[in-house]
Amino acid sequence: YLKISKLALAFAIIHSKPPGKCSKEYTEHLARTVSEQDFGWKWKVEVLETEVLRLRQELLLNRISPRFCLENRKQDTSAETLLGQESINPTSYSSQLEDSGCDVCNDSAFDSLGIASDFHQSEHNVNTSKYWLERVPPLNLCHTSKEQSLTAPVHFLQRLLEIRKLSERGVLQADFSELENDSFTICNSVSQLLDGLTFFYNSPEFPAPGFLTEGVCVLLSLITDTKLSNHVLKKCFKKIEEFKKNLIQIILRNRSVNRFQALHSVSQTLGLLGRNNILRNSLISLLLSGVRQFAEQLVQAHQVQSVYDIAQYENIFLLCMILEQLLQNETEESNISSSDYGGEEKIKFLKNLDQVILHLSDEFPLFSLYLWRVSVLLNSGQMQ
C-alpha cells in the first residue's frame, strides 16, 4: 500500500507540474511549501501557549493580591499613593527596576550577593512607579519576538517581587499560599526566563542587551527571597542547574574570532550566580569538573603529541578565573560553612593534580599556574 501511495503521489506531481519546471524542482518546491505551513502552525501554537501563560500569570497575581491588580488596571493617582515611599527612596526595589529592562547600569552594579544593587535613577520616579502597576498587554500574534518571550516572564516575576515587597511593609495584603495551588505558572515562567537567557547568551549579537542583566537579577532576587525561593527551587532547581551547564558550554565551545566580549558577558553572569549561597557549591562543582576534564584531555594530547583545541584552551581561562574568584570569596566569607565544599568533584580535581601540573608546566605554564592556584584555595585551612 505504501509503495502504491508513493507511486500515485509521484504521478500526481508529474501531471500537475507547471511548464518549464522539472519534476525534481517542483517536488522540492512542494516540500518547502508544506514545511513552511508546518512551521507557521508551530509558531502559532507557540504564541498561543505564551498567551495562555500570560493569562495564568495575571490570574495568579490577582489571586495573591486583588488590590494590586485593581490598582494595576486603574492607572491613576492611587498608584502613586500605593508606591509613594518606593518612589522617594532611591535604593528601593521599584526605582532599581525602572522600566521594561533595557535601561540598566554597567557591570559594577551588583552587590556581594550577586543581586542588582544600583540601577540608573529615573528623573521621573512617580511615572516609573506608575509603570510598574501597568497591565501587561496581550501578545500581538503578528509581532512576537524572542525579546518578548524573555521580557514577559521577567515582567511577571518583577511584579511578584513587588507584591512581596509591599506586603512585607504592610502596604498591601497578599496570600502567597496561592503559589502552592498553581506551581505550574511560576515554574513555567522561570523556565521560560532561563530558556530566553540561554538563547540570547548563545547568540552572536553582542554586547548583550540590558534586559539580559535584568533577567539574571530578577532570577537571583527570586531565589534569595525567603518566601518565594522555596517555590522556585522546589520545582525549577534542575532547570537552573541545566542553565548553569549551558553557560559553561557556551564559554567552552565558542570559536568565533570576536568572541571574547560575548564570553565576558556570560562569565559575568556565572560570577553573579556563584555569589548566591544557594547556587554557589553546585556551580563550583561544575567548574571543577569542566577544568579537570580539559586538563586531562590536554595531558593526553601532549603525551601523544596530537593537536589540541586552541580556542577551547583560550576559553578555559575564563572558567579558571571564575572558579578562582568564587573560591576566594569562600575563604573571605568565614561565616559560611564550606566543609562539604566541592564534594566528589573536589576529590577528583585534586587527585593526581601534581602529576598533571608536572606534565603541562613546560608547554602550558599559565594553565598550570591556574591549576596550582585553584588547588591551593581548595587545600587551604579555611576550605577544609
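The values are calculated or read from the model by the stated rules, or taken from the named source; none is laboratory data. Because the structure is predicted, anything quoted here is derived from the model rather than measured. Positions of Cβ are backbone-derived with ideal geometry, glycine not excepted, and every protein chain shown enters the neighbour counts. Just so you know, the surface numbers come from the protein's heavy atoms only, side chains and all, with ligands and any DNA or RNA stripped out. Shrake-Rupley method; radii C 1.70, N 1.55, O 1.52, S 1.80 Å.
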Could you tell me which of rounded, prolate or oblate describes the range 145-275, using a ≥ b ≥ c as the square roots of the eigenvalues of the alpha-carbon gyration tensor, with rounded for a/c under 1.5 and, failing that, prolate when a/b is larger than b/c and oblate otherwise? prolate
Please give the charge dipole size of the range 208-358, origin at the Cα centre, charges +1 on K and R Cβ atoms and -1 on D and E Cβ atoms. Round to the nearest 20 debye. 540
Report the Cα centroid-to-centroid distance between the range 216-286 and the range 20-55 in angstrom, as an integer. 34
Provide the net charge surrounding LYS21, with neighbours chosen by a C-beta distance below 15 Å and charges set as Lys +1, Arg +1, Asp -1, Glu -1. +1
Share of the range 145-275's accessible area from carbon and sulfur, percent, 1.4 Å? 48
So for the pair ALA311, GLU25, with labels modelled 7 Å out along Cα→Cβ, what separation do we get in nm? 3.7
Accessible area of the range 145-275 divided out per residue, in Å², using a probe of 1.4 angstrom: 41
13 Å cut-off, amide nitrogen to a point 7 angstrom out along ASN329 Cα→Cβ, residues in the range 265-290: 267-285
